[in-house]
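Only the coordinates and a few stated rules stand behind these numbers; no lab work does. The structure displayed is predicted, hence computed values, not measured ones. Because the Cβ atoms are built from the backbone with ideal geometry, glycine has one as well, and the counts that use them run over all protein chains shown.
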């Protein structure tokens, strides 16, 4: 009998619907495999708005679709990225809508430190290509920040070490932004803290720090992985406040170290970089003050010596005046004779001069013509207007002079009244008297005893006591 013979419409071969077949396959796969651990390279990664993650796990021959539901995706320590080699733990199942099998991933970890380092190098190369590691982008640290912001765990030894070191070197105000320093919450909280410090208002109720320190103690590469996340590196690179990274020990290196403005090998070293030593600054100031004092003293001594040296090179004032004095004496002796000789010469010239009548007549005629010209100018029509203006100006001047005189007279009277009010005669009217001895004011009994005559001036007149004032003393 042919096994492939068609039994016709009424044969014994059972019929299944598509859903029956899909359900049977689903039960078979889920029952046969259950939970599995799959190692592979992450291929395509898709993150729709729902929050679920769709990805491919592949090796050199096959591809397995995978799904991470939203709740599981948020709890992952390391988010999947294309090219990462991972170990995924989950349940195999099928998706009847597309007739394919897939794995529902419940947990995912990198496949060893080598995979993490490969992913780190890839991420580092991408950020470096963008120029985030460029030294020209790095900011200078403030010499002495007033406020220091610290991003770290509030319960660890790191914050205590930083505060202790700052207190020893130069006490400053410290703002602590508490964050998780490892695990799934580390990267978003650290990035949020850096951006939060930058968002503060300078001089506000919560002042903006002048310097930020991102600190964490040492640990494995998995413990420090939050500081290798791209979100943390970009937040540090975008910080307008200078930032010091102090993550791990001296041999640990994370991405934040490359984008920060300064890397410290340890959190304690970050505090040492942040502030100088107060006592060293004080000693340096004292030393510079002493140097300035010595320099000023030395400069004054040198300039004084130089001035003395220059003074010795100058001639004495008496020596400078000797020559002019001698010339003055010589010329003074010659002056009377020269004056007499000049007078005699002029006298001779005057005696020899002839006073001719014609010459005198020409002089008189010339002066007469000048007088006539002046008289004609005085008779000109403009002279009348000028005279009127002169009269008007004289009137105004006389009025102003009168007003000024009255004002000055009133001021003088006021001053005289003030003088009278503060004069001693007003004091006499209040019952006082002025005692004079021999014409001078007497202010003591000794002076009165020596005077030959005592005169007492009252408000209404003067009285002479007598020729022997000693007998009048009490």
### Over the chain, relative contact order from alpha-carbon pairs under 8 Å, at least 6 apart, %
8 percent
### Cα gyration tensor shape for the range 133-276, rounded if a/c is under 1.5, else prolate or oblate
rounded
#### Entry: Mean residue ellipticity (222 nm) of the chain, computed from DSSP H runs ≥ 4 via -39,500 (n - 2.57), nearest 500
-16500 deg cm²/dmol
### Query
Among (1) 101.4; (2) 82.1; (3) 39.4, which is the computed mean projected area of the Cα convex hull in nm²?
(2)
### Computed over the range 73-175: relative contact order in percent, which uses C-alpha pairs under 8 Å that are six or more apart
19 percent
### Task
Please order 227, 458 by the number of other Cβ within 10 Å, starting at the fewest.
458, 227
### Query
Cα axis of helix 157-169 to longest principal axis of the chain: angle in degrees, 0 to 90, nearest 10?
20 degrees
### Task
With r as the distance between the Cβ atoms of residue 391 and residue 429 and R0 = 56 Å, compute the FRET efficiency 1/(1 + (r/R0)^6) and round to 0.05.
0.60
### Query
On full extension of the chain, what length is gained from residue 125 through residue 63, given 0.36 nm per residue of separation minus the C-alpha to C-alpha distance?
19.6 nm
### Message
To make sure I understand, if each residue's beta carbon is the centre and we count other beta carbons within 10 Å, what order do 143, 133 fall in, fewest to most?
### Response
143, 133
### Query
How long is the gain from residue 240 to residue 351 if the chain were fully straight, where each residue apart is worth 0.36 nm and the alpha carbon distance is subtracted?
29.2 nm
### Query
How far is helix 357-378 tilted, in degrees, relative to the longest principal axis of the Cα atoms in the chain, given as a value from 0 to 90 rounded to the nearest 10?
50 degrees
## Note on the structure
Most packed first (mean Cβ within 10 Å per residue), the peptides 20-27, 212-219, 85-92, 305-312 order as 212-219, 85-92, 20-27, 305-312
### Query
Using Cα atoms only, what is the angle between the long axis of helix 381-422 and the major principal axis of the chain, expressed in degrees (0 to 90) to the nearest 10?
80 degrees
### Query
How high is the relative contact order of the range 18-111, given as a whole-number percent (alpha carbon pairs under 8 Å, six or more residues apart)?
31 percent
### Query
Does the range 104-185 come out rounded, prolate or oblate, given a ≥ b ≥ c as the square roots of the eigenvalues of its C-alpha gyration tensor, rounded meaning a/c under 1.5 and, failing that, prolate meaning a/b above b/c?
oblate
